Amino acid sequence: MPSANGELLNYVNGQWQRSSAATIPVHNPASNAVIATVALSPAAEVDEAVRLAQAAFLGWRATPVVDRVQPLFRLKMLLEENLDAIARIITEECGKTYAESVGEMRRGIENVETACGMPSLIQGTNNEDIASGIDEHMFRQPLGVVAAITPFNFPGMIPFWFLPYAVATGNCFILKPSEKVPMTSEKIFQLLDQAGFPPGVLQLVNGGAETVNALLDHPMVRAISFVGSTPVAKYVYQRATANGKRAQCQGGAKNPVVIMPDADMETTTRIMGDSAFGCAGQRCLAASVAITVGGAKNPFTEAMADVASSRTVGYGLDSGVQMGPVITTESKARIESLIEKGAAEGAQVLVDGRQKKVSGYEDGNWVFPTILNDVNPGGEIARTEIFGPVLSLMHAKDIDEAIALVNNRAFGNMACLFTRDGAVARKFRYEADAGNVGINIGVAAPMAFFPFSGWNESFFGDLHAQSRHGVEFYTQTKVVVERWPLEWSRQF
Ligand code: NAD
């Protein structure tokens, strides 16, 4: 068993290893019970993992791509067989409902499936006779050792935005999961262990900021993938690139959604309830600002208030629960203080999710669905990522004013529109300053075969996660120009 006395272990060179560092507790956010402990691995342990990955690299990159994807096919089956067990762990440590945990794993598995197509995806390009008798080829070669640093809110899915592409392209991969939710990664690495990857190709190193810094500074780490809050994303991007590494760093969000008067209100408010309050609003693609246009104001506001007040909040493994707790007591306090701030800036707290308890889970980090109405577009709440179940409402007279409000923020992760009018939809799609756009969609999450296209302060880098972007990020191109004159051949 990997865990000894509830302490989570690192996985290095095909072995489970105890860190020498001090441990911190991992909590169930619905009860705040301690469910495991995890070490904050020091730089020396990162160095060992990187060196062993580097040692595995030469053999792994020389393994034919058709063979490199075989463990991914096995992994896909192992993930399917263990879906229930993984989903339960996600709910236990992250708080989201069981259905949400299953849903996130489905998106993770989709990335494994997509990377199984690597024999086609990694193909290069070539031209015969760029000059008479001279041919030119472009090959894609792996980088070496690459690492990913992931956030708490999708412990099962986000590692798979990177891992399958990194290893299928021939790299060795190190995961540093969020120290708030390390149990899911332990389970995933148990399955990776069974999938048949050679030792050293995949390493798990638990830890916090010191562990991250050691990866950012290690000369053998060639590329860093990061997902988390914007200040840390910016920091990681700057430190990684200053050290000569490739970096793709996904940051925070504040996603606006415009509701036109012609939108189907019943469908729109149902979808918006799931977008704003699903995963307790702890989703980088959560709707956080709803902007009604003209006559949409009153029907949408009334219906959303009903949707928010009627959502069943509780422990995600209990039946009938539609929304779980937020991740920590600090997070709960921060969300509540931002609700207060919104009110101080002039918003009406239309539905107030503060000071609520769930029977049987009195010590959990509960914030119930909350709606702030008439949020001041010039205030802090209009721009700050709350990362909790709080929907801000603003009102605009027409689509131009609404799009101006959409584009009046530093983030650019997602923007959505609800309408029946194709011309308005086309205008919105064209003008919205965001990289993921939804039309009559509440969570515009790209499938694995599309890039996850955050913009502006939501992304630092060039190539995004998933799809062909992942293939390009984890490979370097080699261009070969060659001349083979017939008269030099000994056969003729
Ligand atoms: P976070 O930034 O606190 O932590 C993310 C990772 O960075 C963790 O592994 C953590 O250990 C590490 N880290 C934290 N502080 C660090 C520091 N000072 N130096 C080095 N490493 C550090 O984020 P979180 O609270 O775990 O996740 C929530 C955030 O992630 C939200 O802002 C959310 O919008 C964002 N997010 C973005 C996307 C996206 O696709 N853009 C997806 C999911 C989550």
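For I259, which of the numbered conditions (1) away from the ligand (no atom under 14 Å from the Cβ); (2) at positive phi; (3) crowded, with 19+ Cβ neighbours inside 10 Å fails to hold?
Looking at each condition in turn, I259 falls short on (2).
Every residue, every condition in (1) of a type in the set (V, I, T); (2) within 22 Å of the chain's Cα centre (by Cα); (3) outside the structural domain of K245 (by TED's automatic domain parsing), yes or no:
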| residue | (1), (2), (3) |
| --- | --- |
| V146 | yes, yes, no |
| P155 | no, yes, no |
| L163 | no, yes, no |
| A166 | no, yes, no |
| N171 | no, yes, no |
| L175 | no, yes, no |
| Q190 | no, yes, no |
| Q194 | no, no, no |
| Q203 | no, yes, no |
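Let me confirm something: among A99, A115, which residue is of a type in the set (A, V, I, L, M) and touching a residue at least 60 places away in the same chain (Cβ under 8 Å)?
Numbers: A99 fails: touching a residue at least 60 places away in the same chain (Cβ under 8 Å).
Result: A115 is the single residue among A99, A115 that is of a type in the set (A, V, I, L, M) and touching a residue at least 60 places away in the same chain (Cβ under 8 Å).
Would you be able to tell me the number of residues in the range 306-349 that are part of a helix (DSSP H, G or I) and within 29 Å of the chain's Cα centre (by Cα)?
Matching residues across the range 306-349 total 17.
Buried (at least 20 other Cβ atoms within 10 Å of the Cβ), in a helix (DSSP H, G or I) and at pLDDT 95 or above, is that true of F189?
yes
Go through the residues of the range 283-298 one by one and say whether even a single one is crowded, with 21+ Cβ neighbours inside 10 Å, out of contact with any Phe, Trp or Tyr (no Cβ under 6 Å at 6 or more places or on another chain), assigned to a helix (DSSP H, G or I) and touching a residue at least 60 places away in the same chain (Cβ under 8 Å).
no
From the list G207, G170, G196, G200, which one is touching a Cys at 6+ places or on another chain (Cβ under 8 Å), over 18 Å from G95 (Cα atoms) and either at pLDDT 95 or above or not small (G, A, S) (or both)?
Result of the check over G207, G170, G196, G200: G200.
Checking the condition in contact (Cβ under 8 Å) with a residue 40 or more places away in the chain and of a type in the set (A, V, I, L, M), which residue from A343, A333, A308 passes?
A308
Which residues, counting only those in the range 178-191, are of a type in the set (S, T, N, Q), out of contact with any Ser or Thr (no Cβ under 7 Å at 6 or more places or on another chain) and within 16 Å of the ligand (Cβ to nearest atom)?
Step one: filter the range 178-191 for residues of a type in the set (S, T, N, Q), giving 178, 184-185, 190.
Keeping just the survivors that are out of contact with any Ser or Thr (no Cβ under 7 Å at 6 or more places or on another chain) gives 184-185, 190.
Listed by number, the residues that qualify are T184, S185.
Does the range 90-110 contain any residue that is over 25 Å from Q282 (Cβ atoms) and either out of contact with any Asp or Glu (no Cβ under 6 Å at 6 or more places or on another chain) or at pLDDT 95 or above (or both)? Steps first, answer last, please.
Within the range 90-110, the first condition is being over 25 Å from Q282 (Cβ atoms), and the residues that meet it are none.
There is no residue in the range 90-110 that is over 25 Å from Q282 (Cβ atoms) and either out of contact with any Asp or Glu (no Cβ under 6 Å at 6 or more places or on another chain) or at pLDDT 95 or above (or both).
Determine whether the range 411-420 contains at least one residue that is of a type in the set (V, I, T), more than 30 Å from A223 (Cα to Cα) and under 25 Å from the mean Cα position of the chain (by Cα).
no
V50 - would you say it is touching a strand residue (DSSP E or B) at 6+ places or on another chain (Cβ under 9 Å), modelled with pLDDT of 95 or more and either farther than 17 Å from P164 by Cβ or buried (at least 16 other Cβ atoms within 10 Å of the Cβ) (or both)?
Values: touching a strand residue (DSSP E or B) at 6+ places or on another chain (Cβ under 9 Å): yes; modelled with pLDDT of 95 or more: yes; either farther than 17 Å from P164 by Cβ or buried (at least 16 other Cβ atoms within 10 Å of the Cβ) (or both): yes.
Against the criterion (touching a strand residue (DSSP E or B) at 6+ places or on another chain (Cβ under 9 Å), modelled with pLDDT of 95 or more and either farther than 17 Å from P164 by Cβ or buried (at least 16 other Cβ atoms within 10 Å of the Cβ) (or both)), V50 qualifies.
From the list A87, A44, A36, pick out the single residue that is outside any helix (DSSP H, G or I) and aliphatic (A, V, I, L, M).
On the way: A87 fails: outside any helix (DSSP H, G or I); A44 fails: outside any helix (DSSP H, G or I).
None of the others qualify; the one that does is A36.
Matching residues to (1) of a type in the set (V, I, T); (2) out of contact with any strand residue (DSSP E or B) (no Cβ under 8 Å at 6 or more places or on another chain); (3) at negative phi:
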| residue | (1), (2), (3) |
| --- | --- |
| R334 | no, yes, yes |
| L338 | no, no, yes |
| D352 | no, no, yes |
| S359 | no, yes, yes |
| D363 | no, yes, yes |
| W366 | no, no, yes |
| D374 | no, no, no |
| T384 | yes, yes, yes |
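Looking only at the range 439-480, filter to residues that are touching a helix residue (DSSP H, G or I) at 6+ places or on another chain (Cβ under 9 Å) and in a strand (DSSP E or B); which one of those is farthest from K245 (Cα to Cα)?
It comes out as I439.
Conditions (1) within 15 Å of the ligand (Cβ to nearest atom); (2) over 19 Å from R74 (Cα atoms), marked per residue:
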position: I109; (1), (2): no, no
position: E113; (1), (2): no, no
position: P119; (1), (2): no, no
position: N126; (1), (2): no, yes
position: P142; (1), (2): no, yes
position: T150; (1), (2): yes, yes
position: F154; (1), (2): yes, yes
position: P159; (1), (2): yes, no
position: F162; (1), (2): yes, no
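Step by step: first the residues of the range 428-455, then only those that are away from the ligand (no atom under 16 Å from the Cβ) and among the aliphatic types (A, V, I, L, M), then the one that is surrounded by the most Cβ atoms within 10 Å (Cβ to Cβ). Which residue is that?
My answer is A432.
Consider only pairs whose beta carbons are under 9 Å apart and that are at least six residues apart or on different chains; among these, list those whose first residue lies in the range 171-186 and is charged (D, E, K, R) and whose second residue is away from the ligand (no atom under 12 Å from the Cβ) and modelled with pLDDT under 95.
E186/P2; E186/S3
Regarding A44, is this residue surrounded by fewer than 17 Cβ atoms within 10 Å (Cβ to Cβ), more than 26 Å from the chain's Cα centre (by Cα) and of a type in the set (G, A, S)?
Judged against the criteria, A44 is a match.
Starting from residues that are assigned to a loop (DSSP other than H, G, I, E, B) and of a type in the set (V, I, T), keep the ones in the range 102-161 and report whichever is farthest from R61 (Cα to Cα).
T150
Quick check on the range 192-249: of everything there that is of a type in the set (A, V, I, L, M) and away from the ligand (no atom under 16 Å from the Cβ), which residue is nearest to A36 (Cα to Cα)?
Taking the range 192-249 and keeping what is of a type in the set (A, V, I, L, M), we get 192, 195, 201-202, 204-205, 209, 212, 214-216, 220-221, 223-224, 227, 232-233, 236, 240, 242, 247.
Add one more test, that the residue is away from the ligand (no atom under 16 Å from the Cβ), and what stays is 192, 195, 201-202, 220, 223.
Details: L192: 21, A195: 25, V201: 26, L202: 23, M220: 31, A223: 30 Å.
Within the range 192-249, the match that is nearest to A36 (Cα to Cα) is L192.
The values are calculated or read from the model by the stated rules, or taken from the named source; none is laboratory data. Since this is a predicted model, take the numbers as computed values, not measurements. Don't worry about glycine lacking a Cβ; one is built from the backbone with ideal geometry, like all the others, and counts go over all protein chains shown.
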